[in-house]
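I have placed the structure first, in the form of structure tokens, so that the comments after it can refer back to it.
The values are calculated or read from the model by the stated rules, or taken from the named source; none is laboratory data. Given the structure is predicted, the values throughout are model-derived calculations rather than measurements. Positions of Cβ are backbone-derived with ideal geometry, glycine not excepted, and every protein chain shown enters the neighbour counts.
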């Protein structure tokens, strides 16, 4: 499953340059199982440790919720979202080696 998730993340960040944990859920329309979200986050962190993505914490406007995103290493997701007037702000996360 991890390799499938890795491939999916890397494919999704090609365009538009980033993806969220929610986009990778088996059923993004249902309330996610915490274990599924955690598994996706771990794969994102693993890719970040290898320098293949950067990980970001997205904070919904008003601070009502947060989720993790993976982006191309050359993409400043915080600036991208701000320039588009997006529904969230992004804070780059540091991943322990």
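Annotation note: of 47, 24, the sole residue that is surrounded by 11 or more Cβ atoms within 10 Å (Cβ to Cβ) and either under 10 Å from the mean Cα position of the chain (by Cα) or at pLDDT below 95 (or both) is 24. Somewhere in the stretch 71-84, is a residue surrounded by 11 or more Cβ atoms within 10 Å (Cβ to Cβ), in contact with a helix residue (DSSP H, G or I) (Cβ under 6 Å, 6 or more places away or on another chain) and modelled with pLDDT of 95 or more? Checked against the condition, which is being surrounded by 11 or more Cβ atoms within 10 Å (Cβ to Cβ), in contact with a helix residue (DSSP H, G or I) (Cβ under 6 Å, 6 or more places away or on another chain) and modelled with pLDDT of 95 or more, the stretch 71-84 yields at least one hit. Answer yes or no as to whether residue 31 is without any contact (Cβ under 8 Å) to a residue 60 or more places away in the chain, assigned to a loop (DSSP other than H, G, I, E, B) and over 14 Å from the mean Cα position of the chain (by Cα). Yes. For first residues located in the stretch 1-28 and on the phi > 0 side of the Ramachandran plot and touching a residue at least 40 places away in the same chain (Cβ under 8 Å), partners that are surrounded by 15 or more Cβ atoms within 10 Å (Cβ to Cβ) and assigned to a loop (DSSP other than H, G, I, E, B) and lie 6+ apart or on another chain with Cβ distances below 7 Å form the pairs 17/72; 17/75. Residue selection: residue 4 fails the criterion of being exposed (fewer than 15 other Cβ atoms within 10 Å of the Cβ) and not in a helix (DSSP H, G or I). Taking the stretch 79-97 as the range and being more than 26 Å from residue 7 (Cβ to Cβ) and touching a residue at least 24 places away in the same chain (Cβ under 8 Å) as the test, the residues that pass are 87, 89, 91. Selection of the stretch 56-67 for residues being within 14 Å of residue 24 (Cβ to Cβ) and crowded, with 21+ Cβ neighbours inside 10 Å yields only 58.
Among the residues of the stretch 60-78, those identified as in contact with a strand residue (DSSP E or B) (Cβ under 6 Å, 6 or more places away or on another chain) and without any contact (Cβ under 8 Å) to a residue 24 or more places away in the chain are 66, 73, 78.
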